[in-house]
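See below for the structure under consideration.
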Amino acid sequence: MKSVSVFVPAYNEEKILGTNIIKLYKKMLLLKRDFDIYIVDDGSTDNTRKIGESLSKKSKIHYISFNNGPSRRENLALAFRKSKKGIIMFIDADLSTNLYYLPMILDKIDEGYDISIGSRYSGIKPKREPLRKIISIIYNLFLRLYFGSRINDHQCGFKAFKREHVIKLLDEMGYDKSLHRGWFWDAELLIRAQYNSYKIAEVPVGWKSSVRSTFKLGTELKMLKSIYTLKRKLG
C-alpha cells in the first residue's frame, strides 16, 4: 500500500476542526498505512490557528498557515508540495463525505489509477439543499458539454492523486494570484488530467451538506474568466 498525505483545508473551522481531525486521525490508524495529516489554514480569523497548532503537537499531524485567504484551493495546492509520500489526498474539514469511503478512494490508487475522486452523483443521492443541488448538477453538466469532460462530479472535496501526477498538473495550472479561479480549481485540475490521459476512478460516496457553507454565487461567478481562459488554452 502506498503512503499517503491527507490535506485538510480549513477556513474559520474552530467549531469542528478539533473533533474532525481526531476522527480522521483514528480512521487513518485503522488503515495501517504510513500517513501524515496536514491542516491547511487558509487565513482564518477565528481560533482555527490555535486549534491547529495544538493538534500539530500530535505525531503525524502538521499545521500550515497562510495569511492571504480565503483562496479556495490555491493555498491548498501550495501545501501539497510539502508531501513526499506516494499519494496526496484532500478532504474537506466538515467531513461532508463519510470517512467510510476513505479506504475505497485510496485503494483505487493502489490498483493503478492516477486519480481517485468521490462522486455524489454516481448512484448515491447526496443530502443537500435543493437549490445548491440544482446549481451543482447544471455546473457539472456544463463542464461535460463545454470541455468534453467525462467526470460526473468535479467538485466533491474528497480526492486522491499519485503525487507525481498532481504536482505536474499544479505546475501546468500555476497559482492564481487574483484568487478568482475559486472552486473551478477542482474542475480545471480534472479537465487537465483528462487531457493528459491520466486514469481517473470516480467512486460513489455518501455525502451530506454541512451546516455552514462558504458558497456564494456572486463570488463564484468570478471563475468565468478562468473557464474561458482554460478553454482557449486547450482548444
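Taking 0.36 nm per residue of separation and subtracting the Cα-Cα distance, full extension of the segment from Lys233 to Ile135 would add 32.7 nm.
In this structure the stretch 8-65 gives 51 Å² per residue of accessible area when probed at 1.4 Å with all protein chains present. Under 1.5 on a/c is rounded, so check that first for the stretch 1-141, then, if it is not, pick prolate when a/b is larger than b/c and oblate when it is not; a ≥ b ≥ c are the square roots of the alpha carbon gyration tensor eigenvalues. Verdict is oblate for the stretch 1-141.
Ranked by the mean number of other Cβ atoms within 10 Å per residue, highest first, peptides 14-23, 1-10 order as 1-10, 14-23. Each peptide in 151-161, 170-180 gets a packing score, the mean of other Cβ atoms within 10 Å over its residues, and the list from highest to lowest is 151-161, 170-180.
For the chain, what log10 I(q)/I(0) values come out of the Debye formula at q = 0.14, 0.15, 0.18 1/Å, with one point per alpha carbon and no solvent? The calculated log intensity ratios at q = 0.14, 0.15, 0.18 Å⁻¹ are -0.89, -1.04, -1.62.
Remark: spin-label model distance Leu221-Leu31 equals 3.9 nm, labels positioned 7 Å along the Cα→Cβ axis. Overall form of the stretch 84-156: oblate. Here a/c, set by the Cα gyration tensor axes a ≥ b ≥ c, is 1.5 or more, and a/b is not larger than b/c.
Based on C-alpha pairs under 8 angstrom that are at least 6 apart in sequence, the chain has a relative contact order of 23 percent.
Which length gain, in nm to one decimal place, applies between Asp110 and Lys15 when the Cα-Cα distance is subtracted from 0.36 nm times their residue separation?
Values: separation 95, 0.36 × 95 = 34.20 nm, distance 3.42 nm.
Length gained, Asp110 through Lys15: 30.8 nm.
Are there DSSP H segments in the chain that both extend 18 Å or more along their axis (alpha-carbon positions) and score a mean Kyte-Doolittle hydropathy of at least -0.5? List them, or say none. Could you put the intermediate results ahead of the total?
Working: long enough: 17-31 (21 Å, 0.82); 130-147 (25 Å, 0.97).
Long hydrophobic helices here: 17-31, 130-147.
From a point 7 Å beyond the Cα of Glu53 in the direction of its Cβ, which residues of the stretch 73-90 have a backbone N at a distance under 18 Å? Correct set: none at all.
The values are calculated or read from the model by the stated rules, or taken from the named source; none is laboratory data. The structure displayed is predicted, hence computed values, not measured ones. Methodologically, a virtual Cβ is constructed for each residue, glycine included, from the backbone with ideal geometry; neighbour enumeration extends over all protein chains shown. In case anyone asks, the SASA skips ligands and DNA or RNA and just uses the protein heavy atoms, side chains included. Shrake-Rupley method; radii C 1.70, N 1.55, O 1.52, S 1.80 Å.
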